[in-house]
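Read the figures in this text as sums done on the coordinates, not as results from a lab. Note that the structure is a prediction, hence the values are computed from the model and not measured. So basically every Cβ, Gly included, is an ideal-geometry build from the backbone, and we count neighbours across all protein chains shown.
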Amino acid sequence: METLRQYAAAYGISLTPDMLTQFSAYAALLAEKNRVMNLTAITEPDEVIVKHFLDSLLLLKAVELPENGSLIDVGTGAGFPGVPVKIARPDCRLTLLDSLKKRVGFLEELLDTLSCDGVCIHARAEDGGRRPDLREQFDLASARAVARLSLLCEYCLPFVRVGGCFCALKGYEIEAELLEAKHAIGVLGGAVRSVEKFILPDQSRRAIVVIEKVRPTGKAYPRNPAKIAKEPL
């Protein structure tokens, strides 16, 4: 993991030897479990370092996570970006939410293997966003998903407390999608704070859209998934 340490340092992110040991264990468990379940299409060790680990850590460059701050990673899949952020910021209070029970089982095993504390929740985002114990409870919500930004905002902004942020990890050319999502962001109580762009060591490109929660999300949201898909905001 020396490569990861060097790459992270180039972005001003410092990783200790203990953190690098955790990332090594993460990579090993990911490779092992990916043979029997579909966790990631990215399997080459160098690609895992750049496209999963480093890519996730860039969240810490895009937005400030308060000390002992809370992060919910929505549709987390194999734990990206939430678990790498937790490794680099052990003080972070992490919640991982995914709709597939098998993946939640992997995440629970992963946190145990890494000796990381965290909460793993098996739920769809639109159901989780209506739960009183989750709604507007988090400093940050993150999502690294292919869904359009307007849809992601309806799934994720309900989790964020007023004053917190939703961070969407998206492709580099985000301008048209951002324009399309402008109405949804406003309706759901958000305002775009910034768009942070990065070029990774393999020349792949990433944009992180930082949306601040400026007022509570209306009780009508999130709607059911069919409504969200059929009538996007």
**Study point:** Linear extension gain, residue 219 paired with residue 31, 0.36 nm per residue minus alpha-carbon span
**Key:** 63.5 nm
Check your understanding: Taking K and R as +1 and D and E as -1, what net charge do the other residues with C-beta under 12 Å from the C-beta of residue 56 add up to?
Key -> +4
**Study point:** Value of [θ]222 nm, deg cm²/dmol, for the chain, DSSP H segments ≥ 4, -39500 (n - 2.57) each, nearest 500
**Key:** -9500 deg cm²/dmol
Point to revise | residue 6/residue 179 FRET efficiency (R0 30 Å; Cβ-Cβ; nearest 0.05) | key: 0.20
**Study point:** aspartates and glutamates whose Cα lies under 19 Å from that of residue 33, excluding same-chain neighbours fewer than 8 positions away
**Key:** 44, 46, 47, 98, 108, 109, 112
Point to revise | Proximal aspartates and glutamates relative to residue 213, as straight alpha-carbon distance under 15 Å, when same-chain residues fewer than 8 apart are discounted | key: 64, 136, 139, 154
Point to revise | Under 17 Å from the Cα of residue 197 - lysines, other chains or at least 8 residues apart | key: 51, 61, 170
Revision key, fill the gap. In order over region 58-70: 3J(HN,Hα) from phi, Karplus 6.51/-1.76/1.60, θ = phi - 60°, whole Hz, x for each Gly or Pro, gives 4, 4, 6, 8, 7, 8, 8, 8, x, 4, 6, x, 9
Check your understanding: Quick one: of the DSSP bridges fully inside region 2-230, what percent are antiparallel, nearest 5?
Key -> 45 percent
Revision key, fill the gap. Simple SL model, points at 7 angstrom along Cα→Cβ for residue 204 and residue 162; separation in nm is 3.9 nm
**Study point:** Electrostatic dipole magnitude of the chain [Cβ: Lys, Arg +1; Asp, Glu -1; Cα centre; debye, to 20]
**Key:** 820 debye
**Study point:** Label point distance in nm, residue 47-residue 108, each placed 7 Å from Cα along Cα→Cβ
**Key:** 3.1 nm
Check your understanding: In nm, to one decimal, how far is the residue 38 label point from the residue 191 one, both placed 7 Å along Cα→Cβ?
Key -> 4.2 nm
Practice item. Using all C-alpha to C-alpha distances in region 2-230, build P(r) with 5 Å bins and read off the rounded percent in each one. Key: 1, 7, 16, 20, 21, 17, 12, 6, 2, 0
Check your understanding: Considering region 76-138, what Rg and Dmax in Å follow from its alpha-carbon atoms?
Key -> 11.4, 31
Check your understanding: Okay, which of region 64-97 sit inside 11 Å, backbone N to the point 7 Å along the Cα-Cβ direction of residue 18?
Key -> 90-91
Point to revise | Length-normalised contact order for the chain - Cα pairs under 8 Å, 6+ apart - percent | key: 16 percent
